[in-house]
Structure formats: structure tokens, C-alpha cells
Amino acid sequence: MQRLADYFLVVGYDHDEERGGRPCGKIIQRFPDKDWSDCSFNPRVIHFCQPQGWILTAKRELPTFFISILTDLDGLRHYCACLTFHQTLLPATTNILLNKTNDYSDEADDTAFLLPRTQMYAPKCLVLTSKLDCFEAFR
């Protein structure tokens, strides 16, 4: 019997890490915790959650949904259904993060630095991975 979803992930903005001077995401929760014997978990799936990058914004964005198709070394397809929404950051967290992001402000929303540093939004994704191409069911 096949599973509709192999893994469910909650991926969020990583407040502590940067890779190559750019903000990145991290897996906050993963279900199940252990790999399936017939389908190992690929931790690089987080790179496909935010195609535009993990950028803080000064305004709340509308939720978006898309499906990425990843192909492994054996030529098998894995479908990643991503629902992205933006979560309000606490003011203290926002000030710390804005100080870190000033180095690459050309990547961030330009209005973020003009507003009082009290309200910022960070992307968060709910991700289903599956070997099945059931796009309507993923929605």
C-alpha cells in the first residue's frame, strides 16, 4: 500500500544561521522522525521551499502554494507541495535580525528599513513530500 505523503515538514526562517552571508531556513518539525525504509528523507528539500530566498518583509504577504518536482539519483520523482505564509516576528527579534541583514539589504524589502522596527514578517512553510503526483489532494 502506498502512502499519500512520505514526510510532513514545518520549515521556518532560521534566526541564528546564515549560509554564505544569506539568511536560510531550517526544519522546525518533521513527521515521521525516522526515515521510511523505502524512501529516505532528503534534508535539502528546504532549499526548494523558498525559491526567492528566506527574506524578511515589512508587510504581510498572502499565502502561496506551489509544487516542486525533485528527481533523485535513481531518476525517481519526489513531489514537494509547499504552502508558504508569513509569521509576525516579535519586536526584539526583529531588531536583532535587521541589524544582521543590513549587509545585504539589496535582497530585502526596501521599505523594511524605512519603517519603525516593530513589525516584520518571516516566511514559514508547510511541506508535504510524496512519490505520488496527486496535486489536487495536496491542495
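Within segment 47-66, the residues that satisfy the criterion of being over 16 Å from Gln87 (Cβ atoms) and at pLDDT below 90 are His47, Phe48, Pro51, Gln52, Gly53. Would you check if Ala112 is over 30 Å from Cys134 (Cα atoms) and either surrounded by fewer than 17 Cβ atoms within 10 Å (Cβ to Cβ) or modelled with pLDDT of 90 or more (or both)? Criteria not met by Ala112.
The values are calculated or read from the model by the stated rules, or taken from the named source; none is laboratory data. This structure is a prediction, so every number in the text was calculated from the model and none was measured. Every residue, glycine as well, gets a Cβ built from its backbone with ideal geometry; the counts of neighbours run over all protein chains shown.
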